[in-house]
Amino acid sequence: PLIDTAIARAELARMARGKAERLRRSLAFFDRMIRARDAHPAIAHLLPTAPVGSTPTLRDAALDWNALDPGLRVATDAAIGRAIRNRASREDRFGGRLGADPIAEGRASRHTRGKRIRKPDKAAKNFRAAVSWLIRHAWPVRAEAAGLRSLDDLMTPAVIERATEAYVARATADAALLAADATSTGRSMLARLVTIAKRNEMDESVLWALEDCADRDDMAAPQDREMSATRLNFVRLLDADPSVARAILTAPRTLLVDVVRGIERWDDLGVNERIEVLKMGMAAAMWALQIARPLRTFNVHEMTVDVDGAELRRPLKADAQAQVFIDRRRVKNRKDLEHAIPTHLWE
């Protein structure tokens, strides 16, 4: 025969990635011609006597939710519902003692529409797919997952790490699959599980396990290491005009000169002028911090010193350096930030 099921499967197995779907469409068209051979009398003698039939895909068999414990199904549905309804919010760690934050309030008002889930059915489907991904990779033998009674039994650090290891190992071992660091699938699934964990207020260890697994080197997609267009344009600006870099690096000292002048004539200044001097002093300090260790602005705005858990830590010895340490709970990408501040910037 021109082509049969065995030949089609062998061709799919050796075909380059990204081309298999095109061959499947061609096989489906070929099958339609075979079934309607009477409509093509001129080539009827060239067609096989039987259709090629279905060919295997690389996808796992769908998870049979009915085979799982009813308690787990109910808990999963409830958790997904809360993940869709609830919206993440960052609480004021200072308890309102610093007053209103017009910048944060303005940002929230601008992004309110973007945070709302506009297609809850699609979101629920995606969340369920993430939970299914976790079960399928943590329990390759599906029957072993039948003992799960609740979402707390499923979403544990040990299960999350086991599923991630299985996902990476399978992608590495099978030449027909994309490597885990060549696709965003794994990280997308873990990100959805992070949303479920956050909005259901699960234990912090679960959240950290999900974030740590998504941050593995063998899970990072190539585009994650690429420089953004904004940063690239900024680097080009520095290359084209060195005076810009010089202005940035000397800004703390430049501002400090004006601050010292203002303090020397403090008694002669009005209220607004004093506020301006204080703001310039704050800006000089914040700019020096950003040069020492680039940070997101809210980390600089909320930085504490000389309190328990201070993020800006003074040098303990004369020849030591000050340190910046920000706990992962207050970092957007959930990684601890720790960096020394050069002496000239600390001054």
query: In this structure, is residue 84 at pLDDT 70 or above and part of a helix (DSSP H, G or I)?
result: yes
task: Would you be able to say whether some residue in region 160-167 is in contact (Cβ under 8 Å) with a residue 60 or more places away in the chain, of a type outside the set (Phe, Trp, Tyr), open to solvent by 20 Å² or more (accessible area, probe 1.4 Å) and under 18 Å from residue 220 (Cβ atoms)?
output: no
- request: Pull up region 188-214, narrow it to residues that are open to solvent by less than 70 Å² (accessible area, probe 1.4 Å) and outside any helix (DSSP H, G or I), then point me to the one that is nearest to residue 75 (Cα to Cα).
  value: 200
message: Among the residues that make up region 180-187, is at least one of them open to solvent by less than 40 Å² (accessible area, probe 1.4 Å), at negative phi and in a helix (DSSP H, G or I)?
response: yes
field: Subset of region 305-324 [touching a strand residue (DSSP E or B) at 6+ places or on another chain (Cβ under 7 Å) and assigned to a loop (DSSP other than H, G, I, E, B)]
entry: 311, 314, 315, 321
Residue ID - farthest from residue 165 (Cα to Cα), chosen from residues in region 219-240 that are assigned to a helix (DSSP H, G or I) and touching a residue at least 40 places away in the same chain (Cβ under 8 Å): 222
statement: Listed by first then second residue, the pairs whose first member lies in region 206-218 and is over 10 Å from residue 155 (Cβ atoms), whose partner is open to solvent by less than 70 Å² (accessible area, probe 1.4 Å) and β-branched (Val, Ile, Thr), with beta carbons under 8 Å and at least 6 positions apart or on separate chains, are 211/194; 213/160; 213/164; 214/194; 216/164; 216/168; 218/168
field: Pairs, first hydrophobic (A, V, I, L, M, F, W, C) in region 293-317, second loosely packed, with under 11 Cβ neighbours inside 10 Å, C-beta under 7 Å, six or more apart
entry: 312/305
- prompt: In region 249-290, which residues are open to solvent by less than 50 Å² (accessible area, probe 1.4 Å) and either within 16 Å of residue 341 (Cα to Cα) or among the hydrophobic types (A, V, I, L, M, F, W, C) (or both)?
  reply: 251, 252, 255, 259, 269, 277, 280, 283, 284, 288, 289
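If I ask for residues that are surrounded by 11 or more Cβ atoms within 10 Å (Cβ to Cβ), acidic (Asp, Glu) and at pLDDT below 90, which ones from region 296-324 would you list?
302
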- request: Name every residue in region 325-339 that is assigned to a loop (DSSP other than H, G, I, E, B), open to solvent by less than 80 Å² (accessible area, probe 1.4 Å) and of a type in the set (Lys, Arg), in order of residue number.
  value: 334
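The values are calculated or read from the model by the stated rules, or taken from the named source; none is laboratory data. As the structure is a prediction and not an experimental result, all values here were calculated from the model. All Cβ positions, even for glycine, are placed from backbone atoms using ideal geometry, and neighbour counts span all protein chains on display. Surface areas here come from the heavy atoms of the whole protein model, side chains and all, with no ligands, DNA or RNA. Shrake-Rupley method; radii C 1.70, N 1.55, O 1.52, S 1.80 Å.
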